[in-house]
Amino acid sequence: MVSLDLLANAIVSGVLLGGFYAGVAAGATISFGLLDVANIAHPAFVVFGAYGAFLLSERFGLDPLVAALFVVPVFYVAGAAVYQVYHWAFERRGDDSMRGLAFFFGLMFVGEVVLILMFGVDYRYTSAAYASTTLKLGSIAFPLRELIPFLGSLAILAAAQLFLNRTFIGRAILGVAQDATALRLMGADPVRLKRIAFGISIALAGAAGALLLVLEPVEPSIGREFIGRVFAIAVLGGMGSLPGTWIAAVMLGVIENLTSIFAGASWAPAVAFGFLLLTLAVRPSGLFGR
Amino acid sequence: MNDFLRFFGLVVLAACALFAAMRAVGNDYVFYAGYTVLEYVVLACAWNILGGYVGYVNFGVAAFLALGAYTGVALSKIAPLPLPVMMLAGGVVAGLVGLGTGYLTLRLRGIFFAIATLALAVVLQTLITNWEFVGGSAGVYAIRPKHVPVFGSYIAYMVFLMLTLAVIVVTVSRAIETSGLGLGFIAIRDDEVAAEATGVPTLQLKLIATTLSGAFMGMAGAPLPYYVTFLEPSSAFNLSYAVNSIAMPLIGGTTAWFGPVLGALLLGIAQQVVTVTISSEVNLLIVGLLLIGFVVLAPQGLIGMLGLTGRRRSG
């Protein structure tokens with residue numbers, strides 16, 4: 001007999017976890033959904049962000065959330081640079097499918113090996129005090145290490161959504177997503193806009209990385225677990241819709257958490273990928289797609 | 001047909017010469033190193049059938065390899081079968097999984113197939129980790145027979161089998177290139193919509209390619225438990241299989257069979273040297289950097305740089 005308390009706690013914790021997944025997937029929703037750049041290294045950038053935050057908190061005693069403020073601009077520049085290489089080598093030649101994927105796969109792999117060489121395969125974690133504090137509401141627990149990434153991710157999504165819908169550049173990026181040729185005819189530079197958007201997507205990955213460090217200890221290959229989640233969420237969320245991303249992510253978080261509590265944690269990694277395979281097979285346009 | 005037989009004869013001759021040479025060195029280490037290199041020749045060529053000819057990326061090489069390996073493990077728990085039978089069984093299972101994955105995702109854009117293969121690796125690893133019958137997360141021991149008639153040591157026998165498989169894969173690759181099937185593949189790679197519009201049965205051809213490619217990877221995986229003697233999920237599903245099998249064709253060149261063979265031989269031998277002399281992490285770093293360098297700067301690979309991209313001849 002499953003107690004109601006356990007179920008309620010599992011669902012709440014799943015929602016918190018899912019909210020964080022949305023933060024991880026937000027950047028991929030922009031790069032994959034809007035720009036049509038299949039950056040499978042996106043989760044790897046999240047892990048780089050986590051290690052960046054770890055390094056800053058280790059060296060200068062910064063809180064991971066403060067460290068995120070330093071990680072974000074660096075990642076924006078790195079993202080813009082990666083896009084420039086990608087565009088120059090693949091997109092420009094119209095040869096972006098096979099080699100472009102191999103390029104991002106190589107980036108992911110090299111990054112992972114570099115992290116292993118620099119930090120070893122040990123788990124790294126933050127020593128911030130709140131990481132071990134838990135708020136209680138009745139019998140339902142809200143561990144701050146889950147609540148803070150949830151709220152932080154909500155902030156990431158809200159900021160990205162406001163930027164895309166309310167600013168001139170943001171709307172131009174949405175324009176590129178719809179019709180790059182039309183934009184060029186109107187005198188805008190689609191490559192520049194895509195560079196900005198890709199830079200933002202990587203910057204968001206960096207910010208999500210800092211949140212990941214708050215949520216759980218990180219090790220170099222942890223990003224692989226997120227590949228399935230990120231793409232399952234991006235596809236299920238309807239490719240390019242941030243509110244859709246959030247809903248899909250929370251759904252995945254809840255299902256994953258229920259699975260790991262009622263079937264065992266060793267089954268959890270398969271949930272996201274199973275979810276993804278199922279989505280691709282049954283409803284590739286996503287839950288909210290046309 | 002004549003051309004095909006002549007090519008097959010030449011490959012068999014080369015394989016015999018190679019085996020005799022390894023035999024002549026008289027040191028088992030040559031066989032151990034040679035096995036790994038040959039395994040990569042098979043994996044690289046198998047990957048290239050789908051990746052190079054049709055243009056669809058498979059990131060789940062490790063999944064197909066492990067499928068072959070664990071099919072062997074499961075079979076050996078039921079009945080002791082000779083290794084060639086296990087290889088066939090591994091090939092059938094991996095081929096069917098390839099067919100299934102392809103059927104689910106190949107009607108969508110190529111990127112979804114690529115992501116699905118990544119997903120496949122994780123799902124299968126989770127299943128195997130939770131499947132106690134084949135050792136689960138704790139792993140499983142595979143005891144190899146001490147002595148095999150004719151070959152002497154078991155490792156020589158395994159090298160012989162892998163060499164045979166390599167001959168088959170290379171011959172099949174070449175046969176695809178010179179046949180109508182290869183023309184269809186190239187049409188899909190260059191422009192799938194146009195191919196479909198001109199009557200190329202694209203889905204059917206893509207399914208043939210995924211099945212063949214997956215089956216060869218599974219066959220290459222079946223002897224793996226006996227090679228490592230202790231098999232556990234995280235080593236069987238190691239990402240370095242995927243990286244190597246993608247890097248080798250892309251570095252060698254993807255348009256003709258000798259691209260992946262060249263890439264696998266060069267990179268495979270270099271890795272044997274680097275792993276022994278420096279470290280296996282550095283070795284993987286080099287492979288990753290070479291992969292990025294080649295896809296960005298030399299899209300035709302080595303055979304393109306050497307001007308060997310080869311005009312297609314019709315058989």
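Listed values, structure above:
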{"quantity": "Residue satisfying condition, being within 30 Å of B:Phe185 (Cα to Cα), out of contact with any helix residue (DSSP H, G or I) (no Cβ under 7 Å at 6 or more places or on another chain), within 9 Å of chain A (Cβ to nearest Cβ) and touching a residue at least 40 places away in the same chain (Cβ under 8 Å), within set B:Gly51, B:Gly110", "calculated": "B:Gly110"}
{"quantity": "Residues within region A:50-102 that are at negative phi and within 14 Å of another protein chain (Cβ to nearest Cβ), tallied", "calculated": "21"}
{"quantity": "Among the candidates B:Leu308, B:Leu267, residue that is over 22 Å from the mean Cα position of the chain (by Cα) and in contact (Cβ under 8 Å) with a residue 12 or more places away in the chain", "calculated": "B:Leu308"}
{"quantity": "Check on A:Ala78, at pLDDT 95 or above and hydrophobic (A, V, I, L, M, F, W, C)", "calculated": "yes"}
{"quantity": "Only listed residue being at pLDDT 90 or above, more than 14 Å from every other protein chain (Cβ to nearest Cβ), under 19 Å from the mean Cα position of the chain (by Cα) and in a helix (DSSP H, G or I), chosen from B:Ala166, B:Ala187, B:Ala209, B:Ala195", "calculated": "B:Ala166"}
{"quantity": "Flag for B:Gly95 being buried (at least 19 other Cβ atoms within 10 Å of the Cβ), more than 28 Å from A:Phe103 (Cβ to Cβ) and within 21 Å of the chain's Cα centre (by Cα)", "calculated": "yes"}
{"quantity": "Pairs where the first residue, in region B:119-135, is within 7 Å of chain A (Cβ to nearest Cβ) and closer than 18 Å to A:Arg224 by Cα and the second is surrounded by fewer than 21 Cβ atoms within 10 Å (Cβ to Cβ) and of a type in the set (S, T, N, Q), C-beta under 8 Å, 6+ apart", "calculated": "B:Thr126/A:Ser266; B:Thr129/A:Ser266; B:Thr129/B:Ser137"}
{"quantity": "Test set (1) facing chain A (nearest Cβ under 10 Å); (2) assigned to a loop (DSSP other than H, G, I, E, B); (3) over 18 Å from A:Gly228 (Cα atoms) - B:Arg144 fails condition number", "calculated": "(1)"}
{"quantity": "Any chance B:Tyr70 is surrounded by 24 or more Cβ atoms within 10 Å (Cβ to Cβ), away from chain A (no Cβ under 14 Å), on the phi < 0 side of the Ramachandran plot and not small (Gly, Ala, Ser)", "calculated": "yes"}
{"quantity": "Any helices (runs of 4 or more DSSP H) falling wholly within region A:182-282 and containing at least 2 residues that are closer than 24 Å to A:Leu34 by Cβ and small (Gly, Ala, Ser)", "calculated": "A:190-215, A:223-236, A:242-262"}
{"quantity": "Residue in region A:183-201 that is farther than 17 Å from A:Ile30 by Cα and within 14 Å of chain B (Cβ to nearest Cβ) present", "calculated": "no"}
{"quantity": "Residue in region B:85-99 that is within 14 Å of chain A (Cβ to nearest Cβ), part of a helix (DSSP H, G or I) and at pLDDT below 90 present", "calculated": "no"}
{"quantity": "Selection status of A:Ala8, part of a helix (DSSP H, G or I), modelled with pLDDT under 95 and crowded, with 19+ Cβ neighbours inside 10 Å", "calculated": "no"}
{"quantity": "Members of region B:95-107 found to be among the polar types (S, T, N, Q) and touching a residue at least 40 places away in the same chain (Cβ under 8 Å), listed by number", "calculated": "B:Thr101"}
{"quantity": "Of all residues making up region A:218-228, the number that are β-branched (Val, Ile, Thr) and more than 12 Å from chain B (Cβ to nearest Cβ)", "calculated": "2"}
{"quantity": "Subset tally (residues that are among the polar types (S, T, N, Q) and either under 23 Å from B:Leu212 (Cβ atoms) or not in a helix (DSSP H, G or I) (or both)) for region B:1-35", "calculated": "1"}
{"quantity": "Filtered residue count, region A:103-140, keeping only those that are within 14 Å of chain B (Cβ to nearest Cβ) and not in a loop (DSSP other than H, G, I, E, B)", "calculated": "17"}
{"quantity": "Single residue of A:Tyr76, A:Tyr51 found to be part of a helix (DSSP H, G or I), within 16 Å of the chain's Cα centre (by Cα) and farther than 27 Å from A:Leu164 by Cβ", "calculated": "A:Tyr51"}
{"quantity": "Region B:242-297: number of residues that are more than 21 Å from A:His87 (Cα to Cα), surrounded by fewer than 18 Cβ atoms within 10 Å (Cβ to Cβ), within 13 Å of chain A (Cβ to nearest Cβ) and not β-branched (Val, Ile, Thr)", "calculated": "3"}
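Listed here are the residues, each with its yes/no results for (1) of a type outside the set (Val, Ile, Thr); (2) surrounded by 18 or more Cβ atoms within 10 Å (Cβ to Cβ).
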{"position": "A:Val37", "(1), (2)": "no, yes"}
{"position": "A:Arg59", "(1), (2)": "yes, no"}
{"position": "A:Val66", "(1), (2)": "no, no"}
{"position": "A:Leu69", "(1), (2)": "yes, no"}
{"position": "A:Tyr76", "(1), (2)": "yes, yes"}
{"position": "A:Tyr83", "(1), (2)": "yes, yes"}
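One line per residue, one yes/no per condition, for (1) closer than 21 Å to A:Leu157 by Cα; (2) touching a residue at least 60 places away in the same chain (Cβ under 8 Å); (3) surrounded by 23 or more Cβ atoms within 10 Å (Cβ to Cβ); (4) within 14 Å of another protein chain (Cβ to nearest Cβ):
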site: A:Ala203; (1), (2), (3), (4): yes, yes, yes, no
site: A:Gly206; (1), (2), (3), (4): yes, yes, yes, no
site: A:Ala210; (1), (2), (3), (4): yes, yes, yes, no
site: A:Glu216; (1), (2), (3), (4): yes, yes, no, no
site: A:Val230; (1), (2), (3), (4): yes, yes, yes, yes
site: A:Leu252; (1), (2), (3), (4): yes, yes, yes, yes
site: A:Leu258; (1), (2), (3), (4): no, yes, no, no
site: A:Ala263; (1), (2), (3), (4): no, no, no, yes
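The values are calculated or read from the model by the stated rules, or taken from the named source; none is laboratory data. For clarity, every value in this text was computed on a predicted model and none was experimentally measured. With ideal geometry, Cβ positions are generated from the backbone for all residues, glycine too; neighbour counts draw on all protein chains shown.
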